[in-house]
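To start, the structure itself, in structure tokens.
The values are calculated or read from the model by the stated rules, or taken from the named source; none is laboratory data. A quick note: this is a predicted structure, and the numbers were derived from the prediction, not measured. Note that each Cβ is placed from the backbone with ideal geometry, even for glycine, and that neighbours are counted across all protein chains shown.
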Amino acid sequence: MLGRYDDEGRLQYVGRTTTLARQAGAAVAGLLAAGRRGHPWTGWSFSAGWGSREQLDVTLVEPQLVVEVGVDVARDASGRWRHPARWYRARPDLSRAGVPRLTAPPY
């Protein structure tokens with residue numbers, strides 16, 4: 001699951017990645033910390049894909065890790081990417097404070 005902070009400092013869901021290869025998944029798992037009580041997405045449900053009714057089983061983590069992904073331009077009315085992002089790499093060398101804030105889609 002991918003998120004970005006908006007101009008008010010709220011963590012917004014923006015999309016998901018494709019399924020990670022086993023090696024990439026293991027590497028990322030070592031960089032994640034379990035979500036604490038009061039995670040902004042507690043109680044949310046996430047669909048398995050665009051237009052799907054199938055729900056994903058997710059484990060919330062602390063929103064600290066910056067990752068590099070590739071996305072196409074298709075977004076829904078909420079600004080979420082319609083298609084899964086392509087995973088490139090984790091960027092533990094970057095701080096979430098350096099990620100530009102999410103702004104409203106240009107339509």
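Per-structure values
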{"read-out": "Positions within region 19-32 being exposed (fewer than 12 other Cβ atoms within 10 Å of the Cβ), in a loop (DSSP other than H, G, I, E, B) and within 15 Å of the chain's Cα centre (by Cα), in sequence order", "value": "19"}
{"read-out": "Selection count, region 51-77, where residues are exposed (fewer than 11 other Cβ atoms within 10 Å of the Cβ) and in contact (Cβ under 8 Å) with a residue 24 or more places away in the chain", "value": "2"}
{"read-out": "Residue check for residue 77: modelled with pLDDT under 90, within 16 Å of residue 12 (Cα to Cα), part of a loop (DSSP other than H, G, I, E, B) and hydrophobic (A, V, I, L, M, F, W, C)", "value": "yes"}
{"read-out": "Matching residues in region 1-12 - criterion: being surrounded by 17 or more Cβ atoms within 10 Å (Cβ to Cβ) and either assigned to a loop (DSSP other than H, G, I, E, B) or aromatic (Phe, Trp, Tyr) (or both)", "value": "5"}
{"read-out": "Region 33-67 - residue that is under 17 Å from residue 5 (Cβ atoms) and outside any loop (DSSP other than H, G, I, E, B) and, of those, nearest to the chain's Cα centre (by Cα)", "value": "67"}
